[in-house]
Amino acid sequence: METDFHKSRRIAKNTLVLYVRMLFMMFLGLFTSRIVLSALGENDFGIYNVIGGVVAMFTIISGALNSAVSRFITFEMGKGPDAELNKVYSTAVTIQVILAVIVIVLAEPAGLWFIENKMTIDPDRIPAAKWVLQFSLLAFVVNLMSVPQMASITAHEKMSAYAYIGILDGVLRFVTALLILHSSDDRLVMYSALMAGVVIAVRIAYGIYCRRHFEECRYRPVMDSGLIREMFSFAGWNFIGVASGVLRDQGGNILVNLFSGPAVNAARGVAVQLNGAVQGFVTNFMTAVNPQITKSYASSEHEYMYTLVRKSSRLSFCLLLLIALPIFFNADFLLGVWLKDVPEHAASFVRLFLVFALSESLSNPMITAMLATGNIRNYQIVVGGIQLMNVPVSYLCLKLGAAPEVTVVVAIVISQICLFARLTMLGKATGFPVWKFLDEVWGTALFKALCGSLVLPILTDLVKPAGFAGFLLSAGLCLVWSSFVIWLLGLTADERQWVRQTVMNKIRRNDKDNG
């Protein structure tokens, strides 16, 4: 049986590969976003984000099954020699085809109705918006069909393939941005069409890799009623959680459009893209960790799973904090460098989304562990029900005259409420040690690491000079000080020793090679 040391080493290796991918994607993505915003302008960029949000609302349907596919494929691998991966894979493909048809039938009329009756938009841009809807639907359905392949790559922990295909995706998006910048046609329509083409190309790449490397990724007609019933039962309860998450994100985007218009949607869209680039640090780490959490539960290694959940929650928060602090205290300067014309509200949205990402990073490993159990009915009713309050509470606040940023403030507060609900439900379902989590994760990361890291940046922000010199001073102090605090307060003694030992081994190996 594979030792915990070898599992941890594979997680570290996969995380490093994904970080290389993420750094490339982040810098390329920032340039891409700048070009797209410049080419489309605030209004068209806002329209694209809103319609993309409307289409994404249908991940309420697809997202529940997507989680089921990922969970069942990874769980099946955790069974070892008795796994029936091809049956699970083929069943997943069949379900996704059926689901794609359902989404098209529902999303087409719903999207057209929203554009014509509810969306805040100039009348002469309605035809273009309808084209955006069609291409967004095409991209959505193609992405839907990629889920079984992506789940197989993640379950096999072949993160190098995930990284290479991700880089291909980033390069194609950058080329798309350059093409529309020099186009004389309707740039919004052209951008939507080219983005759909990018999604199709990436889907083909995933398909080719999986067929060449994984024997189970060869579709055959399978109608295992028991497995289909089990997947749909899991997806049915997971529907509540997925719906609440999609309504929180895209519902907030639509509310901003209804109360403030496309220009503020553009500001929110810029913030979401920048936050997505930053959050990639944690996303990549969790992409490497998640299969181990699910497999350890499937093989009844519960103590290892408990340790992995606590450690990954704390390290996710600390990794994100390192990157978030320099951006939080220098948001206005960075947006000014990044964009030619910075939309109003963009800086405040950026700061709030960073806080939200920090809050969510504590919960992500618990979500994976809970889904691994398969027994999610009560969990989704409780946690999903709490998350569903995002839209009505945000609507009430906006109706009372609050600024559009309130949609993110509400999400942050409810995120912390959900964290405690998840923790309680996971403890009841698996025997997860709740108080140990509160001590090692919530207390250590949120209070010691966060509060300690804020002291010097806040003082520096009060006296720093304007311009590039102020940015260098602030960002440098944020990184150095937060690294020191996290090393001292955010890591355990064993983790500090492991880092020292790893570094020393690397130095000795290099000295030996050079000698």
Mean Kyte-Doolittle of at least 0.0 plus a Cα span of 24 Å or more along the axis: flag which DSSP H helices in the chain meet both, please. 4-56, 59-78, 85-117, 126-145, 159-181, 187-213, 225-260, 262-298, 302-329, 406-430, 467-485
Suppose R0 equals 22 Å; then what is the FRET efficiency for Ile412 and Leu488 from their Cβ-Cβ distance, rounded to the nearest 0.05? 0.25
Take Val434, project a point 7 Å from its Cα along the Cβ direction, then tell me which residues of segment 375-403 have their backbone nitrogen under 20 Å from it. 375-387
Once normalised by the length of segment 246-378, the mean sequence separation of its alpha carbon contacts under 8 Å that are 6 or more apart gives a contact order in percent of 38 percent
Using +1 on the beta carbon of Lys and Arg, -1 on that of Asp and Glu, and nothing else charged, what's the dipole of the chain about the Cα centre, debye to 20? 1020 debye
Could you tell me how far the Cα centroid of segment 450-476 sits from the Cα centroid of segment 288-333, in Å? 26 Å
Relative contact order of the chain: what whole-number percent is it, with Cα pairs under 8 angstrom and at least 6 residues apart? 20 percent
Between Glu84 and Ala402, what FRET efficiency comes out of the Förster formula 1/(1 + (r/R0)^6) with R0 = 51 Å and r the beta carbon distance, rounded to 0.05? 0.45
Note on segment 114-262: alpha-carbon gyration tensor, axes a ≥ b ≥ c; rule is a/c under 1.5 for rounded, else prolate if a/b larger than b/c, else oblate; result oblate
Between the residues Asn290, Leu172, Pro326, the Cα farthest towards the positive end of the dipole of segment 4-507, that dipole coming from +1 and -1 charges on the beta-carbon of Lys, Arg, Asp and Glu, is from Asn290
Could you work out how much longer the chain between Asn117 and Ile98 gets when fully extended? Use 0.36 nm per residue separation minus the Cα distance between them, nm to one decimal. 3.9 nm
Looking at segment 210-299, which trypsin sites (Lys or Arg not before Pro) are in a loop (DSSP not H, G, I, E or B) and have at most 15 other Cβ atoms within 10 Å? Arg218
Can you compute the modelled spin-label distance between Ile228 and Leu181, with each label point 7 Å from Cα toward Cβ, in nm? 5.0 nm
Using 1/(1 + (r/R0)^6) with R0 = 41 angstrom and r between the beta carbons of Asn375 and Val171, what's the FRET efficiency to the nearest 0.05? 0.45
Projecting the Cα atoms of Ala466, Pro365, Gly269 onto the charge dipole of the chain, where Lys and Arg contribute +1 and Asp and Glu -1 at Cβ, the residue farthest towards the positive end is Pro365
Cysteines not pairable in the chain (beta carbon separation under 4.7 Å absent): Cys318, Cys397, Cys418, Cys451, Cys478
Once the piece of chain linking Phe24 and Phe420 is laid out straight, how much longer is it, given 0.36 nm per residue of separation minus the C-alpha distance between them? 139.0 nm
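Read-outs: derived from the displayed coordinates by stated rules, not from any lab. Everything quoted here is computed from the prediction, not taken from an experiment. Don't worry about glycine lacking a Cβ; one is built from the backbone with ideal geometry, like all the others, and counts go over all protein chains shown.
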